[in-house]
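Trainee: Below you'll find the structure I mean.
The values are calculated or read from the model by the stated rules, or taken from the named source; none is laboratory data. Keep in mind the model is a prediction, meaning the values are calculated, not measured. Backbone-built Cβ (ideal geometry, glycine too); neighbour counts: all protein chains shown. For the accessible areas, the whole protein counts, side chains as well, though only heavy atoms, and no ligand, DNA or RNA atoms are used. Shrake-Rupley method; radii C 1.70, N 1.55, O 1.52, S 1.80 Å.
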Amino acid sequence: MLELIKSKQTIRFMKYAKPATWLSILLVVISVGSLSTNWINWGLDFTGGTLIEVGFQQPANLEDVRLTLSEADFPDAVVQHFGSSHEVMVRLAPREGVKGQVIGNQVLNALTAGDFGDVDMRRIEFVGPNVGDELAENGGIAIIIALICIMLYVSMRFEWRLAMGSVLALGHDIIITLGVFSLFQIEFDLTVLAALLAVIGYSLNDTIVVFDRIRENFRLIATATPEEIVDQSLTQTLSRTIITSSTTIFVLISLFVVGGALIHGFATALLIGIFVGTYSSIYVASALAINLGISREHMIPEVIEKEGADQDALM
């Protein structure tokens with residue numbers, strides 16, 4: 001198997017568990033404080049707005065379209081292709097006191113005045129904020145249900161102390177990721193919500209790999225302390241963690257750089273989630289399991305003797 005790090009000595013990860021715990025508490029407090037004051041910069045998927053579809057005689061350059069609309073007093077316009085390079089969808093935040101049809105005409109006039117050739121209007125729709133509220137509510141419910149199902153799954157597969165550590169680590173990752181979006185007022189749309197659900201899956205996978213090794217080492221090594229077992233398990237899985245995280249980060253950086261403005265939020269959320277998720281699988285999930293008193297006895301299933309087994313042994 002490919003190993004980037006072949007360490008003969010166990011790395012003492014748990015030596016820094018207390019400073020890491022205080023760092024996590026600080027980051028969570030900052031995130032919650034930002035969410036309480038700034039909340040989240042909701043995108044058009046949640047706030048509602050005007051959706052306009054226009055057709056071009058020649059292939060449309062999205063950067064030129066964005067620049068033209070920005071000069072026409074629409075700097076917040078979200079522009080993307082749909083169907084083909086000749087068709088463009090423009091999404092705009094609601095303008096107070098201005099009807100969607102008027103906004104559509106203004107956009108069409110701005111594009112017609114630009115150097116794009118013939119431009120024709122295909123469709124104008126208004127997405128109300130009620131739809132956005134429903135999306136936000138359903139997204140939050142989806143995340144809560146995912147966390148509950150994960151806790152039940154880990155409890156059945158491992159042990160409740162490990163389950164509590166994994167769920168707390170997932171909550172830690174989501175809160176900090178949301179806190180970054182709130183602190184820097186990065187637009188939060190449906191792609192970011194999808195990224196949050198992906199972060200849950202990624203972080204859980206990383207934690208499960210570590211927990212599998214912890215359980216195995218608890219059964220194999222009878223004399224080591226829980227801290228030593230966790231340190232050895234984390235050291236053994238370190239190469240796998242580095243390889244998985246680095247390859248995923250390379251892909252996300254590529255998406256962020258060349259994927260366009262529409263996918264920036266998705267790539268940003270996943271980048272934050274991977275860094276925080278890798279950290280939390282070590283210093284949140286594993287450290288909490290130790291603080292809850294995980295021991296070798298919890299990892300070894302009880303042997304239930306069958307009735308009459310003693311008599312069978314004497315015969």
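Trainee: Placing +1 at every Lys and Arg Cβ and -1 at every Asp and Glu Cβ, with all other atoms neutral, what dipole size does segment 118-231 have around its Cα centre, in debye to the nearest 20?
Mentor: Dipole about the Cα centre, nearest 20: 500 debye.
Trainee: Same structure again: Please work out whether segment 50-204 counts as rounded, prolate or oblate from its C-alpha gyration tensor, where a ≥ b ≥ c are the square roots of the eigenvalues and a/c under 1.5 means rounded, while otherwise a/b larger than b/c means prolate and anything else oblate?
Mentor: prolate
Trainee: Peptides 204-215, 169-180: what's the order by average Cβ count within 10 Å, highest mean first?
Mentor: 169-180, 204-215
Trainee: Ok, one more. Grab the other residues whose beta carbon is less than 11 angstrom from that of residue 224, score K and R as +1, D and E as -1, and report the net.
Mentor: -2
Trainee: Once Rh for the chain is found with the Kirkwood sum over Cα pairs, what is the Stokes-Einstein diffusion coefficient at 25 °C and 0.890 mPa s, in µm²/s?
Mentor: 107
Trainee: How big is segment 158-250 on each of its three principal axes, counting only the C-alpha atoms and giving the largest first in Å?
Mentor: Projected onto the principal axes, the Cα atoms of segment 158-250 cover 52, 30, 19 Å.
Trainee: Right, another one. State in Å² the accessible area per residue of the chain; use a 1.4 Å probe, count heavy atoms of protein chains only, and round to the nearest integer. Don't skip to the end; give the middle numbers.
Mentor: Values: 17320 Å² over 315 residues.
So the chain comes to 55 Å² accessible per residue, rounded to a whole number.
Trainee: Which of the listed residues, 140, 101, 116, is farthest toward the dipole's positive end in the chain, when Lys, Arg count +1 and Asp, Glu count -1 at the beta-carbon?
Mentor: 140
Trainee: Continuing with the same structure: With charges only on Cβ, +1 for K and R and -1 for D and E, what is the dipole size of segment 201-299 about its Cα centre, in debye, rounded to 20?
Mentor: With Lys and Arg at +1 and Asp and Glu at -1, about 160 debye.
Trainee: In addition: Looking at segment 20-97, which chymotrypsin sites (Phe, Trp or Tyr not before Pro) are in a loop (DSSP not H, G, I, E or B) and have at most 12 other Cβ atoms within 10 Å? All intermediate terms of the calculation are to be shown ahead of the outcome.
Mentor: Values: sites: 22, 39, 42, 46, 56, 82; in loops: 39.
Counting only loop positions with at most 12 other Cβ atoms within 10 Å, the chymotrypsin sites (Phe, Trp or Tyr not before Pro) in segment 20-97 are 39.
Trainee: Continuing with this model, one more query. What is the magnitude of the charge dipole of the chain about its Cα centre, with +1 placed on the Cβ of each Lys and Arg, -1 on the Cβ of each Asp and Glu, and no other charges, expressed in debye to the nearest 20? Don't skip to the end; give the middle numbers.
Mentor: Numbers: 19 positive and 33 negative charges, 204 e Å.
The calculated dipole for the chain is roughly 980 debye.
Trainee: On to the next question. With label points built 7 Å along Cα→Cβ from the Cα atoms of residue 245 and residue 183, find their separation and express it in nm.
Mentor: Each label point is offset 7 Å from its Cα along the Cβ direction, giving 1.8 nm.
Trainee: May I pose another question? Taking all protein chains as present, what is the carbon and sulfur share of the accessible area of the chain, in % to the nearest whole number, probe 1.4 Å?
Mentor: Summing carbon and sulfur atoms, their accessible area is 62 percent of the total for the chain.
Trainee: Along the charge dipole of segment 1-90, Cβ charges K/R +1 and D/E -1, which of 67, 41, 22 sits furthest on the positive end?
Mentor: About the Cα centre, the residue reaching furthest to the positive side is 22.
Trainee: Still on this model: What nm distance separates the two modelled labels at residue 118 and residue 16, each placed 7 Å from Cα along Cα→Cβ?
Mentor: About 6.5 nm, to one decimal.
Trainee: Could you put 223, 235 in order of accessible surface area, largest first, with the 1.4 Å probe and the full protein assembly present?
Mentor: Of 223, 235, the descending order of accessible area is 223, 235.
Trainee: Rounded to whole Hz and in sequence order, give me ³J(HN,Hα) for segment 73-80 from the Karplus expression 6.51 cos²θ - 1.76 cosθ + 1.60, θ = phi - 60°, writing x for Gly and Pro.
Mentor: 3J(HN,Hα) across segment 73-80, in whole Hz: 6, 10, x, 8, 5, 9, 10, 7.
Trainee: Using only protein heavy atoms and a 1.4 Å probe, report how much of residue 251 is accessible, in Å² to the nearest 10.
Mentor: Taking all protein chains as shown, residue 251 has close to 90 Å².
Trainee: For segment 237-294, rounded, prolate or oblate, judged on the Cα gyration tensor with a ≥ b ≥ c (square roots of eigenvalues), a/c < 1.5 rounded, else prolate if a/b > b/c?
Mentor: Details: a/c = 6.54, a/b = 2.25, b/c = 2.91.
It is oblate, given that a/c is not under 1.5 and a/b is not larger than b/c.
Trainee: Per DSSP helix of 4 or more residues, -39500 (n - 2.57); summed, then divided by the residues of the chain. What does that give at 222 nm, rounded to the nearest 500?
Mentor: -20500 deg cm²/dmol
Trainee: Sort out the exposed loop GluC sites (Glu not before Pro) in the chain (DSSP loop, at most 10 other Cβ within 10 Å) and tell me the longest stretch that has none.
Mentor: Within the chain, the longest run free of exposed GluC sites (Glu not before Pro) spans 97-301.
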